[in-house]
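Just below is one structure, and these are the notes that go with it.
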Amino acid sequence: MNTPWVKYYDPWFKPSLTYPDATLYEGVAQAARRFPSHPALTFMGRQISYAGMLREIDLAAACLKQLGMQPGDVATICLPNTPHAVIFFYAVNRLGGICNMVHPLTPAEELSHYIRTTSSDYLIILDAMLAKHTEMLEQSRIQKTIVCSIMDYLNSGLKIGFFLTKGRKIQRVPQRDFYLKWSSFLLLAGGPEPYQKTMDAHDCAVYLHSGGTTGSPKTIKLSSYNFNVLAVQGPQIIGYPADDTFDPTGLSMVTILPLFHGFGLCMGMHTMLLNGMRAILVPQFSPDVLADVLIREKPSFIAAVPTLFEGILKNKKLEQADLSCLKAVFCGGDSLPKDLKRRFDRFIQARGAACSLREGYGLTETVTVCAVNPMQDAREDSVGIPLADVRMKVVEPKTTHEVPVGQDGEFCIHAPTIMLGYLDDPEATAETVRLHEDGLRWVHTGDFGNMDADGYFHFKQRIKRILKVSGIPVFPSQIEDVVSTVPGVRMACAIGVPHPYKMQVVKLFVVREADAPDEATLKERIIGHCEKNLIQYAVPREIEFCADLPLTKVGKIDFVSLERIEIEKRQAAAENRQNETA
């Protein structure tokens with residue numbers, strides 16, 4: 001197979017590596033034994049060492065066992081980036097369980113769906129989010145709900161301040177056996193138990209939720225081995241040799257990308273912890289909070305989405321900041337605008353950083369990143385070159401036939417990080433992961449672009465119909481399904497429109513029923529229904545009422561046509577504004 005990118009590997013970047021045949025827990029436990037005194041986690045000013053983190057993981061596993069968790073059982077983790085999430089994640093894995101990672105702001109109806117479809121018996125959730133779920137949970141299959149508080153891991157001063165400003169507004173946890181506070185949960189066992197291996201490295205360990213390669217929501221099954229492969233590749237990605245000479249002392253990453261997302265879970269958390277580095281947990285997805293962390297913690301690495309980098313540029317706190325601490329900065333989760341990269345590079349380099357913003361490419365079906373721009377030869381308009389042991393090619397859509405260099409087609413990926421499959425959906429799995437003529441299994445990504453003569457890949461657009469709002473996947477079909485249940489709505493179509501900060505937001509086109517209420521009333525009802533039933537990123541920010549919607553030849557709503565019309569409309573409006581200014 002043609003692999004021209006190999007000649008651009010940095011001196012320490014090898015074409016192939018050796019990966020541990022270990023579980024997630026075993027990999028991190030080994031790191032804890034190698035670096036017991038290294039800081040593993042930082043959370044709002046508090047540090048937890050590797051030895052301390054491992055003790056809590058082992059204790060949490062013993063407590064879960066007291067609750068009755070068995071190998072193969074599923075636990076849903078519905079938390080922001082807090083120490084509880086990290087500890088519980090590895091504790092579940094230690095017992096051979098499966099972690100079902102869910103957005104902490106998931107509405108009750110959607111959380112109920114995730115619990116039911118994954119056969120989840122245990123839930124860990126933040127106290128601030130519990131009230132909207134209690135009615136649903138008590139009718140669900142969940143056996144125990146463990147309730148956490150931000151205050152569990154705050155120093156005394158911060159704990160008082162948090163309680164006075166936010167904590168006292170949070171409803172009390174119901175006094176029922178069904179609920180366990182985190183502090184009470186950790187008292188269920190007298191101490192850790194000797195480790196007994198209960199799962200294989202290639203068994204399913206994690207459920208992540210994404211749009212599949214077709215744009216409809218899917219539950220993706222991933223193994224410990226999948227995650228460990230990427231974690232071993234991690235040092236090379238950030239610019240260090242992936243061998244025994246790698247010294248993680250003092251290296252840290254801002255873990256602001258959420259742990260329910262492959263990028264945040266694997267790169268922000270597991271890669272750091274498998275290699276002895278520090279994960280700076282940031283529970284709030286906010287540029288302002290990120291600015292505070294940059295000033296206070298002086299991290300080595302940032303992995304984020306365009307929204308956050310745009311926010312950094314606008315943050316006045318960083319105007320005089322020293323950013324010489326930064327050794328590597330990565331963008332993923334959404335396309336990186338060329339102008340944003342140039343402005344961000346100028347910004348951090350003017351403040352002492354010797355690195356530049358590097359774009360990568362990946363998808364949840366391969367955990368996350370598959371390709372990245374190398375440190376010494378990063379290129380604009382490119383998502384980089386494949387990682388060690390990763391093969392990429394471009395084929396004619398819906399075929400296995402490779403196209404010539406420079407010609408657009410569908411990205412296909414062969415890698416040791418390929419998912420085990422979609423949960424309970426063998427047909428979709430077979431459609432996405434296909435055996436090619438070379439005898440290898442390839443993921444058909446649904447993404448469109450090309451490979452140049454040097455082996456750099458250039459992403460053009462998503463064949464699959466997924467929107468990215470602040471880097472978070474949003475599914476138009478799900479929005480349309482929810483909106484269609486609102487009385488007075490005859491047809492609806494959701495598209496993404498540009499936004500100066502969030503990159504994209506949802507615009508909804510609606511055709512009313514003949515007896516529908518007036519537009520203002522119906523709009524209010526649609527927004528209210530969406531806020532109740534959809535994650536906040538999916539709530540439409542613009543609604544346009546139409547007499548009808550364009551249809552394709554087979555009678556489907558032609559969303560491509562709507563997107564084209566919207567682009568033309570916005571371009572015309574921009575030209576009119578320019579002419580008026582002139």
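The values are calculated or read from the model by the stated rules, or taken from the named source; none is laboratory data. Bear in mind the structure is a predicted one, so any value in this text is a computation, not a measurement. Cβ sites come from the backbone with ideal geometry, for glycine too, and all protein chains shown count toward neighbours.
Just checking, does region 401-416 include any residue being outside any loop (DSSP other than H, G, I, E, B), closer than 30 Å to PRO104 by Cβ and at pLDDT 95 or above? The answer is yes; a qualifying residue exists. Annotation note: of PHE89, PHE43, the sole residue that is touching a Ser or Thr at 6+ places or on another chain (Cβ under 8 Å), aromatic (Phe, Trp, Tyr), assigned by TED's automatic domain parsing to the domain that holds PRO104 and buried (at least 19 other Cβ atoms within 10 Å of the Cβ) is PHE43. Scanning region 430-467 for residues that are surrounded by fewer than 18 Cβ atoms within 10 Å (Cβ to Cβ) and acidic (Asp, Glu), we see that the one that is farthest from ASN2 (Cα to Cα) is GLU431.
Residue-wise test of (1) under 17 Å from ASP345 (Cβ atoms); (2) modelled with pLDDT under 95.
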{"residue": "GLY276", "(1), (2)": "no, no"}
{"residue": "ILE280", "(1), (2)": "no, no"}
{"residue": "PHE285", "(1), (2)": "no, yes"}
{"residue": "ALA291", "(1), (2)": "no, yes"}
{"residue": "LEU294", "(1), (2)": "yes, no"}
{"residue": "PHE301", "(1), (2)": "yes, no"}
{"residue": "ALA304", "(1), (2)": "yes, yes"}
{"residue": "PHE309", "(1), (2)": "yes, yes"}
{"residue": "LYS314", "(1), (2)": "yes, yes"}
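The C-beta contact set for region 138-154 (first residue within 13 Å of TYR122 (Cβ to Cβ), second residue β-branched (Val, Ile, Thr), distance under 6 angstrom, 6+ apart or interchain) comprises SER140/ILE115; ILE146/ILE124; VAL147/VAL173. Just one residue in the set ALA350, ALA321 is farther than 23 Å from TYR240 by Cβ and either surrounded by fewer than 16 Cβ atoms within 10 Å (Cβ to Cβ) or of a type in the set (D, E, K, R) (or both); that residue is ALA350.
All conditions in (1) over 23 Å from the mean Cα position of the chain (by Cα); (2) assigned by TED's automatic domain parsing to the domain that holds ALA128; (3) in a helix (DSSP H, G or I); (4) of a type outside the set (A, V, I, L, M, F, W, C) hold for LYS7, with the sole exception of (2).
Condition check ((1) surrounded by 23 or more Cβ atoms within 10 Å (Cβ to Cβ); (2) of a type in the set (A, V, I, L, M, F, W, C)) across all residues:
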{"site": "LEU158", "(1), (2)": "no, yes"}
{"site": "LEU180", "(1), (2)": "no, yes"}
{"site": "LEU187", "(1), (2)": "no, yes"}
{"site": "GLY190", "(1), (2)": "no, no"}
{"site": "TYR195", "(1), (2)": "no, no"}
{"site": "GLN233", "(1), (2)": "yes, no"}
{"site": "GLY239", "(1), (2)": "no, no"}
{"site": "LEU251", "(1), (2)": "no, yes"}
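Looking at (1) part of a strand (DSSP E or B); (2) touching a Gly at 6+ places or on another chain (Cβ under 9 Å), which one does PRO397 not meet, given that it meets all the others? Against the list (1) part of a strand (DSSP E or B); (2) touching a Gly at 6+ places or on another chain (Cβ under 9 Å), PRO397 comes up short only on (1).
What about LYS132, is it over 24 Å from ARG46 (Cα atoms) and basic (Lys, Arg)? Considered against the rule, which asks whether it is over 24 Å from ARG46 (Cα atoms) and basic (Lys, Arg), LYS132 comes out as yes. Only one of the numbered conditions (1) assigned to a loop (DSSP other than H, G, I, E, B); (2) surrounded by 16 or more Cβ atoms within 10 Å (Cβ to Cβ) is not met by TRP12, and that is (2). The strands (runs of 3 or more DSSP E) located wholly in region 467-582 that include 2 or more residues which are within 34 Å of the chain's Cα centre (by Cα), closer than 25 Å to LEU308 by Cα and not hydrophobic (A, V, I, L, M, F, W, C) occupy 489-499, 503-512. Screening ARG94 on (1) of a type in the set (Lys, Arg); (2) under 29 Å from ASP121 (Cα atoms); (3) at pLDDT below 95 shows it passes everything except condition (3). In region 405-433, the residues that are in contact (Cβ under 8 Å) with a residue 60 or more places away in the chain and more than 30 Å from ASP454 (Cβ to Cβ) form Cβ pairs under 8 Å with partners that are among the β-branched types (Val, Ile, Thr) and part of a loop (DSSP other than H, G, I, E, B), at six or more places apart or across chains, as follows: ALA428/THR214; GLU431/THR213; GLU431/THR214.
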